[in-house]
Amino acid sequence: MARVRPRGLTPLQLARLLRQAAVDKKAWDCVVLDVREKTSLADYFVICEGETDRQVRAIADGMVEAAKEKELRPLGVDGYDDAGWVLLDFDSVLAHVFLPGERSYYDIESLWAPAHKRRKKAS
């Protein structure tokens, strides 16, 4: 099944946009995982964490706002009310925003390993 290409953005550009939006909201340890060779579910995962449930929501809101500026909206949002793990589905990119304990418990990075990690240090 062919993926719908976001308007004017490649999936990698969208992943980078979402990652930068998370960094702008002071997210911790933002990672972009390239999962194209591992699944048809998505091309990239953006994974990060916030210190509190309030920050997790703010990070997710920042990602949605950044996407809206490019005329994109998530197909689905899950976990926003609880904010232990918020999932934003942008079709070719899935963004996961965790509380630290949730991230270590589910350990998505190891689950999808050895998917290629693209890490950038937040300035």
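None of the figures in this text is laboratory data; all of them are computed from the coordinates on show. Quantities reported herein were computed from a predicted structural model and do not represent experimental measurements. Quick reminder, even Gly has a Cβ in these numbers, built from the backbone with ideal geometry, and neighbours come from all protein chains shown.
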Problem - DSSP beta bridge pairing in segment 28-118, given as percent antiparallel to the nearest 5 - result: 75 percent
Problem - For the chain, size of Cβ-based charge dipole, Lys and Arg +1, Asp and Glu -1, in debye - result: 640 debye
Fill in the blank from the handout: So the pair-distance distribution of segment 28-118, from every Cα-Cα distance in 5 Å bins, comes to percents of 3, 15, 25, 26, 20, 9, 2
Handout entry: Lysine pairs within the chain, Cα separation less than 24 Å, 8 or more sequence positions apart or different chains
Key = 14
